[in-house]
Amino acid sequence: MTSCHSLLLLALTASSLVSLTTPAVAAADEPAFKIIAHPDMPITSLGRATVAKIFQRAVTGLAGVPKLRPVNLDAASPVRAAFDKVILGKSVSEVKAFWQQQLFAGRSVPPPEKSSEAAVLAFVLATPGAIAYVGARTETGAARIIPLTD
């Protein structure tokens, strides 16, 4: 086998391995996540700024929902990274730093983190006022999907 064939075979093998180990990414026009909430949540849509305020605990209730209970995916989740970037305009590490400052100043505590989308979904379904996000193609069962208005 020539060195050119060897390089081509190596490149194809590496490409195959990357595609097998890389999580599926949403198409360019499809968001990487969707916002979900407890089935009884009366909210039908939210703007990105409002969602950001909910997850930064600057908004703790909305009309018909006196106590919102946001929940995050684990910091290692690629869906969490997409959510933090699109909604909060920050990287996961920047969001972690924000919460460290809030904790140190005694202002607020971060939303709880769940280790998987299944755990997030279970929390949302069991907790009135719960709001979260999961991958765009994740099956959400009875959870209410909250479309973003912007």
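List of remarks:
- Placing a label point 7 Å from the Cα of A49 along the Cα-to-Cβ direction, the residues of the stretch 86-120 whose backbone N falls under 16 Å from that point are 87-89.
- Residue-span extension gain [T127 to A76] - 0.36 nm each, minus C-alpha spacing: 16.0 nm
- The value obtained for the stretch 27-146, namely the Cα convex hull volume divided by the number of residues, is 101 Å³ per residue.
- Spin-label model, E139 to V59: label points 7 Å out along the Cα-to-beta-carbon direction sit 3.2 nm apart.
- Computing FRET efficiency as 1/(1 + (r/R0)^6) for S93 and T149, where r is the C-beta to C-beta distance and R0 is 30 Å, gives about 0.60.
- Legend: distances between Cα atoms for K53/K90; K53/K85; K67/K90; pairs beyond 18 Å are K67/K90.
- Each Lys and Arg contributes +1 and each Asp and Glu -1, all at the Cβ; summed about the Cα centre of the stretch 27-146, the dipole is approximately 380 debye.
Readers should treat all values here as calculations from the given coordinates under stated rules, not as data from a laboratory. No experiment lies behind these values; they were computed from the predicted model shown. Counting neighbours? That spans all protein chains shown, and the Cβs are built from the backbone with ideal geometry, glycine included.
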